[in-house]
1. Using the Cα centre as the reference, give the magnitude of the dipole from point charges on the C-beta atoms of the chain (Lys, Arg: +1; Asp, Glu: -1; all else neutral), rounded to the nearest 20 debye.
2. Show that you can apply the helix-only estimate: for the chain, add -39,500 (n - 2.57) for every DSSP H stretch of four or more residues, divide by all residues, and state [θ] at 222 nm to the nearest 500.
3. Taking the Cα atoms only, what angle lies between the long axis of helix 162-174 and the longest principal axis of the chain, rounded to 10 degrees?
4. Between A398 and A242, what is the spin-label point distance in nm, taking each point 7 Å from the Cα along the Cα→C-beta axis?
5. How long is the gain from D374 to E347 if the chain were fully straight, where each residue apart is worth 0.36 nm and the alpha carbon distance is subtracted?
6. Round to the nearest 10 and give me the degree value, 0 to 90, for the angle of helix 411-423's Cα axis relative to the longest principal axis of the chain.
7. How large is ³J(HN,Hα), in whole Hz, for each residue of the stretch 53-68 in order, when computed from phi with the Karplus curve 6.51 cos²θ - 1.76 cosθ + 1.60 and θ = phi - 60°, using x for Gly and Pro?
8. What ranking of S57, S213 emerges when the number of other C-beta atoms within 10 Å of each C-beta is taken as an exposure proxy, fewest first?
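Every number here is computed from the coordinates shown, using simple stated rules; none is lab data. Since this is a predicted model, take the numbers as computed values, not measurements. Backbone-built Cβ (ideal geometry, glycine too); neighbour counts: all protein chains shown.
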Amino acid sequence: MREPLRVGIAGLGTVGASVARLMARNADGLAMRAGRPMALTAVCARDRGRDRGVDLSRAAWHADPLALARDPNVDCVVELIGGEEGPARALVEAALGAGKHVVTANKALLARHGMALARLAEERGVALAFEASAAGGVPVVKALREALSGNRVARVSGILNGTCNYILTRMEAEGLSFAECLADAQRLGYAEADPTFDVEGFDTAHKLAILTSLAFGVALDPDAIYVEGISKITPLDLRMAAELGYRIKLLGVAERTPTGIEQRVHPTMVPRTSSLAQVMGVTNAVTIDADAVGELSLIGPGAGGDATASAVIADICDVAADVVRPTFGIPADRLAAPERAPMQRHEGGYYIRLSVFDRPGSAAGIATRMAQADISLESIIQHRARTADADPSGRSGAPVPVVLITYATTEAAIREALARIDADGHVAEPPQVIRIERE
């Protein structure tokens, strides 16, 4: 059997420690699959004394990630530090520059610097592998880059952040507020102390940028992604969604449109009968629409030590077997420049919740503004409670929630109509707007 692939791991947190344990536990099986053994020869971590559940006594310890990149006894560097700049970027650039293969789970680094890193890897003839970067243990990178290479992909959509999906699941099931569910997610370790990156959609956007490049053969374009998070979703929105036959999910969507490739991340109402609506808790899911296979859904754990390590190990196994492909499926210099589809041109149905002053003429004024923007309303739902200070007609003048469901229209039309409604003084607070995905 050939000489072992010598692996160095930078970052021995939850995922890094799991990678080391899986390499030790499954050593014989991995060697059989790859045609050569894999040996953990070097590590880089801050806390050398911590018990990680695996014997690391034979590995060289480095305090500096760049020292690991320069280690002559390392053939493949596994970057699990995280972050789009700083030590992670320096390590990956140094390793690729030295002609070493790199495996990473770092979606932020790839979304921001993936094109330059891909060119460097291809110039040096080494692998830059990142299965774990997009959906944890769900093998969507290999599916798009390899298994579906005979397809023309029309659309990729998915639940790509387990923290958000967990929060929305709890809010719906228990009627809790966003703040209550976030606090619980932080207590359980599903959300960071500063959860902004997750709950405001940026983590999903980084993953979507990677999937878009793989699906459509275009250069990474993270700045083209329209991003909204889930922090403004209320229990009322979730109850209304259920009443209308939908469930709210934070989706990342990339699709071909007549005006270009549309990339967006936002809360979305999906039909309760759809596969994405059944994905609960911290689970991730990706649905791919392509010409040959039709609709393909991949569902599984999007985070966690062993699940993410599984994807990392798959990439290490490819490197050991001398499988080196263009980073994004097509050589970096041949990736097309993406033609951006402006979000204002997005077409679809909308859920709009307004806090409307309960007085004569408000509803008619709102309907008029919608009609002026050529927006057709499928339904209007108003839950008005009679109060002690109501006038003889039953109106109190106080704000009441009014929900509008539109037929297909454009983002630009919705924004125009809402701006006019606000200027007319019919509403007490900014509207809640959630896009609807119909089957």
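1. Charge dipole of the chain: 560 debye, to the nearest 20.
2. On the way: 14 runs with 152 residues, N = 439.
Taking each H run of at least 4 residues, the total per residue is -10500 deg cm²/dmol.
3. Once rounded, one gets 40 degrees.
4. In this crude label model, A398 to A242 measures out at 2.4 nm.
5. Values: separation 27, 0.36 × 27 = 9.72 nm, distance 1.29 nm.
Taking 0.36 nm per residue and subtracting the Cα distance, the gain is 8.4 nm.
6. 50
7. Listing the rounded values in order: x, 8, 6, 10, 5, 8, 8, 6, 9, 10, 7, 10, x, 5, 5, 5 Hz.
8. Least crowded to most crowded, the residues run S57, S213.
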